[in-house]
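K.L.:
Here it is: the structure, laid out below.
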Amino acid sequence: MNKTLRQTVIAGNWKMNKTPSEARDLLDGVKKLCGKTKWCDVVVCVPYLDIPLAVRTLKDCRVSVGAQNMHQEASGAFTGEISAEMLRDAGVKYVIIGHSERRQYFGETDALVAKKITRALDCDLRPIICVGETLEQRDMGITLEIVGAQVKAALTAVPEDKARRVIFAYEPVWAIGTGRVATSEQAAEVCGHIRSIVRKQYGARIARGVTVQYGGSMNAENARELLSQADIDGGLIGGASLKPEPFAAIVDASNQ
Ligand code: 13P
């Protein structure tokens, strides 16, 4: 499968880390080390409150700003929530949807994830849709079924003309924040499965163009091997995105 047909996207997910004052140095560092990157798209998905600073700091460079969540409605009486329109207006281009931490701690279901995807696409945000199995599910041998069902549910929200704007992130729950990374064979198998589902739904041409990332304890040491796999087109990086150097090392490792 020809990787040149699709974009490699390396995205940092800062999660609930970095106050606006703390974010300044990290954003400056990312701009310095990744601001001229041409071979892939670099994204930092920052906490909502860091978005204005991130957009200002990164405006003249090639790093884009993403959010980590959004509400599924356009506006209204949803105290404490943030809409896709607000993100777009603030200069955000990407949004993580259905991260396993949101599914686990905030009860997000496949149906809610699908609604958010629809809204994100309508507002011209690129959704980074997270899917992945728990350790129990892997041990039961049902990884492909679980991930396949999550992908199919997500795709119900995606019209064919917008399918290429979607990014999938395969994040095995057992590999997130644990230091236990999937082997490149495990990651490649599931990322290939995700692409095969996209192919069944929209055909080979669209499937060839859809970006599928791996996430889960990706770091400067293991990134090159993971990113060399034919069906892995980038990474969604938690811990290693909280300092500029390891994050930049992963961006460099994607240049292959
Ligand atoms: P870690 O890279 O810290 O394992 O986190 C992965 C992740 O959840 C990115 O969304």
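K.L.:
In Å, what is the Rg of the alpha-carbon atoms in the range 179-227, and how long is Dmax?
P.N.:
Over the range 179-227's Cα set, Rg and Dmax evaluate to 12.3, 36 Å.
K.L.:
From zero outward in steps of 10 Å, how is the percent of C-alpha pairs of the range 46-105 spread across the bins?
P.N.:
Over the range 46-105, the share of Cα pairs per 10 Å bin runs 21, 50, 25, 3 percent.
K.L.:
Per DSSP H run of n ≥ 4, the term is -39500 (n - 2.57); total these for the chain, divide by its residue number, and report the mean residue ellipticity at 222 nm rounded to 500 deg cm²/dmol. Provide the component values of the computation, followed by the final result.
P.N.:
Numbers: 11 runs with 106 residues, N = 256.
-12000 deg cm²/dmol, from helical runs alone.
K.L.:
Continuing with this model, one more query. Could you work out the relative contact order of the chain, using alpha carbon pairs under 8 angstrom and six or more residues apart, expressed as a whole percent? Each step should come with its number before you reach the end.
P.N.:
Working: 525 pairs, mean separation 57.4, N = 256.
Relative contact order of the chain: 22 percent.
K.L.:
Run the reach check for K32 against aspartates and glutamates, Cα to Cα strictly under 14 Å, same-chain hits fewer than 8 apart removed. What comes back?
P.N.:
D60, E245, D252
K.L.:
Moving on. Please compute, over every Cα-Cα pair in the range 46-177, the percentage with a separation greater than 19 angstrom.
P.N.:
51 percent
K.L.:
Which cross-chain or sequence-distant (5 or more) residues have an amide H under 5 Å from the amide H of N69, H modelled 1.01 Å from N in plane?
P.N.:
I96
K.L.:
Using the structure shown, select from K38/K152; K18/K162; K18/K116; K38/K162; K93/K115; K3/K38 the pairs with a Cα to Cα distance greater than 21 angstrom.
P.N.:
Values: K38/K152 32 Å; K18/K162 33 Å; K18/K116 25 Å; K38/K162 24 Å; K93/K115 18 Å; K3/K38 15 Å.
Pairs exceeding 21 Å: K38/K152; K18/K162; K18/K116; K38/K162.
K.L.:
Let me ask something else. Amide H to amide H, which residues 5 or more places from V43 or on other chains are under 5 Å from it, using H placed in the peptide plane?
P.N.:
The answer is I10, A11, G12, S64.
K.L.:
Starting from the Cα coordinates of the range 102-221, work out the convex hull volume and express it per residue in Å³. Don't skip to the end; give the middle numbers.
P.N.:
On the way: hull volume 13.5 nm³, N = 120.
It comes to 112 Å³ per residue, whole-number rounded.
K.L.:
Please work out the ratio of the alpha-carbon Rg of the range 1-58 to 2.2 N^0.38 Å and round it to two decimals. Intermediate results must be reported in sequence, preceding the final value.
P.N.:
Working: Rg = 13.0 Å, N = 58, 2.2 N^0.38 = 10.3 Å.
Output field value: 1.26.
K.L.:
Sort all Cα-Cα distances of the chain into consecutive 10 angstrom bins from zero, then give the percent of pairs in each bin up to the one containing the longest distance.
P.N.:
It works out to 8, 34, 39, 18, 1, in whole percents.
K.L.:
A further question on this structure: Pop out the ³J(HN,Hα) list for the range 116-122 in order, Karplus 6.51 cos²θ - 1.76 cosθ + 1.60 with θ = phi - 60°, rounded to Hz; leave Gly and Pro as x.
P.N.:
Along the range 116-122, the couplings run 5, 4, 4, 5, 4, 5, 4 Hz.
K.L.:
Bin width 10 Å, origin at 0, all Cα-Cα pairs of the range 148-187: what percent of pairs per bin?
P.N.:
23, 40, 29, 8
K.L.:
At N255 and K243, where each label point lies 7 Å from the Cα along Cα→Cβ, what is the point-to-point distance in nanometres?
P.N.:
2.1 nm
K.L.:
Using the 2.2 N^0.38 Å rule of thumb for compact globular proteins, work out how the range 94-151 stacks up: its C-alpha Rg over that value, please. The partial results should precede the final answer.
P.N.:
On the way: Rg = 12.3 Å, N = 58, 2.2 N^0.38 = 10.3 Å.
Its radius of gyration relative to the 2.2 N^0.38 Å reference: 1.19.
K.L.:
Sticking with this one: Summing Lys, Arg as +1 and Asp, Glu as -1, what charge do residues with Cβ under 11 Å from the Cβ of D50 carry, D50 excluded? Write down the numbers at each step before the final one.
P.N.:
Details: positive: K18, R24, R56; negative: E22.
After counting each charged neighbour, the total is +2.
Any read-out appearing in this document is the output of simple, stated calculations on the displayed coordinates, not a laboratory observation. Keep in mind that what you see is a predicted model, and the values were worked out from it rather than measured. Glycine gets a Cβ as well: all are built from the backbone with ideal geometry, and neighbour counts include every protein chain shown.
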